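Okay, so here's the structure we're looking at.
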């Protein structure tokens, strides 16, 4: 039986040759390949500065440090997202405050953001410092509304575009609306360097601080090295950057194919019983295609049955406020953010990668449709 994985990088001989080039050069860390990769990302997202780092999580950490966020501060993050933004807020001593998301875009809810900031002030959780809108699965958040709330409460904006390379909001590239933006090049992203991340900004001073934090806190003064802060080794390797450049060359065809697959899913799953489809937009870059099962369906059973038939589905993401660490530290409870809580239980990611054929997509669609139309209890188990 054919197996269709959830995701698969788009590699070929061009990446192999890029790695060979680096190995033969003998320069394997933080050199011309990284500089070229940074320049390409900056041009794509129309930013003056790009700082390549070892992961998207490292990028968020560096952003917080460069903005001076720390103990006594509060950072507002959408709950339904990978917990990197919340985790790194904790790492610098700030308090993450979770915000609910919208049920169709899965992005931060600006109205709930305003309420959470007010709640933070009233309950003295910390000084509201920053908001991190996550462009979930490649669809830009409502940046006009987010920026309005940020201006109202004097919040810095850090865009988490980990899943949204190449995405735009009203025609403008993401990562350019706030003070800084970050990207991830994890294997499940549209392009990958294995691991890796990047920060973009138009602020020269912030860019210099990011480079300092990335490289052990090191700066050069009068041709002499000095260490101004106790920084980190978050550098990207030349091997990663060389792979990244090839991936960027392929990106237009990768993005085109991902959009075709998403369109095929939307058409094939229209009217699928017990299943809600994601919001569509021509500006969506479709890092993930997630459907939401209705409240009577047991997602684990669905995934097991799909796997038995060759379809590698998985949970869409998770709700950070439901994680044990945040429930223990701050008393977060599932019902506090009902939309994120529901998506945490019922979001189902379907296979999506550039190498999928139309027949692969049809197979995934047909399996989910077939299961949805069955009426027997054995096919859909009710969650207890």
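The values are calculated or read from the model by the stated rules, or taken from the named source; none is laboratory data. Keep in mind the model is a prediction, meaning the values are calculated, not measured. Cβ coordinates were reconstructed from backbone atoms using ideal geometry, including for glycine residues, and neighbour counts include every protein chain displayed.
When residue 159 is tested against (1) in contact (Cβ under 8 Å) with a residue 60 or more places away in the chain; (2) under 17 Å from residue 80 (Cα atoms); (3) not in a helix (DSSP H, G or I), just one condition goes unmet, and that condition is (1).
Of the residues making up the stretch 355-374, one or more are surrounded by 17 or more Cβ atoms within 10 Å (Cβ to Cβ), assigned to a loop (DSSP other than H, G, I, E, B) and outside the structural domain of residue 134 (by TED's automatic domain parsing). Looking at the structure I just gave you, is residue 147 over 26 Å from residue 340 (Cβ atoms) and in a helix (DSSP H, G or I)? No. Look at residue 203 and say whether it is assigned by TED's automatic domain parsing to the domain that holds residue 43, loosely packed, with under 15 Cβ neighbours inside 10 Å and touching a strand residue (DSSP E or B) at 6+ places or on another chain (Cβ under 9 Å). So residue 203 fails the test.
Within the stretch 255-287, the set of residues being buried (at least 21 other Cβ atoms within 10 Å of the Cβ) and closer than 16 Å to residue 163 by Cα comprises 258, 262, 278, 284, 285, 286, 287. Being surrounded by fewer than 20 Cβ atoms within 10 Å (Cβ to Cβ) and out of contact with any helix residue (DSSP H, G or I) (no Cβ under 7 Å at 6 or more places or on another chain) narrows it down to one of 103, 78, 71, so name that one. Every option except 71 fails the conditions.
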